[in-house]
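Below you'll find the structure, written out as structure tokens, and then a few comments.
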Amino acid sequence: MACVQSRRAMVRVLAATTLALIAATSAPAEPRLRIVATLPDLWAITRAVVGDLGDVQVATRPGQNPHDMEIRPSHIVLVRRAEILVRNGLDEDAWIDPIIESSGNPRLLRGAPSVIEAVRGLGVLKVLTGRIDRSLGDVHPAGNPHFTLDPGNLPTVTANIVAGLSRLRPELTERLEANRRGFLDDVSTAERRWTVTLGPHRGAPLVSYHDSWPYFYRAFGLEELGVIEDRPGIPPSPQHLAALIRRMRERQAKLVLVESWYPTETAAAVARAAGARVLVVPQSPGAMKGTDTYISHVDALVTAIAGALSR
């Protein structure tokens with residue numbers, strides 16, 4: 001009798017185990033997040049927050065000037081398949097709007113719950129006032145959009161990303177927040193290293209080709225002496241360049257930064273006239289080999305700029 005009862009107990013255990021396995025294997029897998037980021041910096045940051053919880057793709061190629069975007073059929077397909085969009089929020093990526101309209105994916109229309117604007121809550125630099133029209137070039141009336149180049153902005157940017165993803169997938173909130181905290185810890189460690197590397201050059205006056213660097217300058221105590229493009233996307237006037245060269249000579253500016261997607265001829269002429277040198281740098285992650293993460297990208301910038309200023 002005891003033997004029979006033992007067998008029955010064993011059968012019940014086996015049955016329960018089998019049912020549990022069937023339930024586990026037949027339960028639908030948790031769907032992965034399908035995210036498109038408009039720009040490489042947002043792509044790198046969003047990937048760090050998402051980790052293995054989803055797929056993050058980018059609408060622009062690393063090293064591509066976002067002001068010169070050509071809309072392709074592949075963009076429309078990419079946006080049609082996405083459930084979430086991470087965008088800059090300051091019109092650096094306004095070209096995504098006609099892509100969304102053509103894709104037939106209303107979830108990604110501006111203002112929809114599935115759209116995350118990374119700039120929310122940040123103190124934006126260089127907000128324009130007064131009359132604004134096309135004679136001013138490719139200006140950003142709502143402010144300078146290159147805010148991710150200041151590591152101090154990342155707590156807010158990543159909080160926006162987690163909040164947006166959690167609206168749609170609340171069950172992932174805890175894991176997303178854990179990824180965010182780990183990423184911010186890594187950035188804080190790297191930022192201490194960057195601050196030490198650029199420390200000897202605090203206050204150094206720099207010139208750039210495009211107005212890409214005000215947040216970076218602020219983060220590391222550098223001075224913006226001028227920008228070669230007096231109006232973005234429009235060739236600078238001789239008067240503007242002459243005045244810029246005079247300021248560079250007076251302040252003994254050593255360096256002109258040129259984003260890797262711009263031609264260097266004008267910058268090189270200005271640098272020669274002022275006794276400075278040109279440094280070509282990638283303005284976004286992935287534009288240079290080995291820089292497809294946020295930290296590796298800023299590492300490359302800091303190392304290159306500190307090295308050039310030390311010469």
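The values are calculated or read from the model by the stated rules, or taken from the named source; none is laboratory data. Treat the numbers as computed from the prediction; the structure is a model and nothing was measured. In this analysis, Cβ positions are derived from the backbone assuming ideal geometry, glycine residues included, and neighbour counts consider all displayed protein chains. Heavy atoms of the whole protein, side chains included, go into the accessibility calculation; ligands, DNA and RNA do not. Shrake-Rupley method; radii C 1.70, N 1.55, O 1.52, S 1.80 Å.
Of Met288, Met248, which has the most accessible area and how do the rest follow, probe 1.4 Å?
So the residues, ranked largest to smallest area, are Met288, Met248.
Going by average Cβ neighbours within 10 Å, how do the peptides 234-243, 157-166, 109-118 rank, with the highest at the top?
157-166, 109-118, 234-243
Which value in nm describes the separation of the simple spin-label points at Arg72 and Glu265, placed 7 Å from the Cα toward the beta carbon?
2.7
Hey, if we sort Asp211, Asp150 by accessible area with the 1.4 Å probe, largest down, what's the order?
Asp211, Asp150
Tell me which of Pro62, Ser212, Leu125 sits at the most positive position along the dipole axis of the chain, charges placed on C-beta atoms (Lys, Arg +1; Asp, Glu -1).
Result: Pro62.
For Trp95, what accessible area in Å² do you get when you roll a 1.4 Å probe over the heavy atoms of the protein chains, rounding to the nearest 10?
30
From the helices alone, meaning DSSP H stretches of at least four residues, give me the mean residue ellipticity at 222 nm for the chain, per-run term -39500 (n - 2.57), in deg cm²/dmol to the nearest 500.
-15000 deg cm²/dmol
Taking H placed 1.01 Å from N in the peptide plane, check which residues at least 5 places from Ala204 or on another chain put their amide H under 5 Å from its amide H.
Residues meeting the criterion, in which the H sits 1.01 Å from N, are Glu223.
Ranked highest first by average number of other Cβ atoms within 10 Å, how do 183-193, 292-302 line up?
The most tightly packed comes first, giving 292-302, 183-193.
Can you pull the percent of the chain's accessible area that's carbon plus sulfur, 1.4 Å probe, other chains left in place?
It is 56 percent, rounded to a whole number.
Can you send over the solvent-accessible area of Tyr262, 1.4 Å probe, protein chains only, in Å² to the nearest 10?
40
Roll a 1.4 Å probe over the protein heavy atoms and report the accessible area of Arg167 in Å², nearest 10.
The value for Arg167 is about 130 Å².
Please give the helix 265-274 orientation as an angle from the longest Cα principal axis of the chain, in degrees from 0 to 90, rounded to the nearest 10.
Approximately 50 degrees, to the nearest ten.
Pulled fully out, how much extra length does the chain show between Ala242 and Asp91, if you take 0.36 nm times their separation in residues and subtract their Cα-Cα distance? Numbers along the way, then the final one.
Numbers: separation 151, 0.36 × 151 = 54.36 nm, distance 3.10 nm.
Contour length minus Cα-Cα distance gives 51.3 nm.
What's the FRET efficiency of Glu250 with Arg218 using the Cβ-Cβ distance as r and R₀ = 30 Å, to the nearest 0.05?
FRET efficiency, Glu250 to Arg218: 0.85.
For Asp52 and Thr173, what does the FRET efficiency come to when R0 = 25 Å and r is the distance between their Cβ atoms, rounded to the nearest 0.05?
0.95
Give the angle, between 0 and 90 degrees and rounded to the nearest 10, that separates the Cα long axis of helix 173-198 from the longest principal axis of the Cα atoms of the chain.
The angle comes out at about 30 degrees.
Once you have the Kirkwood Rh of the range 164-300 from its Cα pairs, apply Stokes-Einstein at 4 °C and 1.567 mPa s and quote D in µm²/s.
For these conditions, the coefficient is 76 µm²/s.
Could you give the alpha-carbon Rg of the chain over 2.2 N^0.38 Å, rounded to two decimals?
Values: Rg = 25.0 Å, N = 311, 2.2 N^0.38 = 19.5 Å.
Its radius of gyration relative to the 2.2 N^0.38 Å reference: 1.28.
Counting only other residues whose beta carbon sits under 13 Å from that of Pro236, what net charge do I get with K and R as +1, D and E as -1?
Here the count lands on -3.
For the chain, take the longest principal axis of its alpha carbons; what is the angle in degrees between that and the long axis of helix 2-26, to the nearest 10 within 0 to 90?
30
Rank these by accessible area, largest first, 1.4 Å probe: Thr303, Thr46.
Working: Thr303 95, Thr46 0 Å².
From most accessible down to least: Thr303, Thr46.
How far, in nm, would the chain grow between Arg231 and Ala112 when pulled straight, counting 0.36 nm per residue and subtracting the alpha carbon separation?
Contour length minus Cα-Cα distance gives 39.6 nm.
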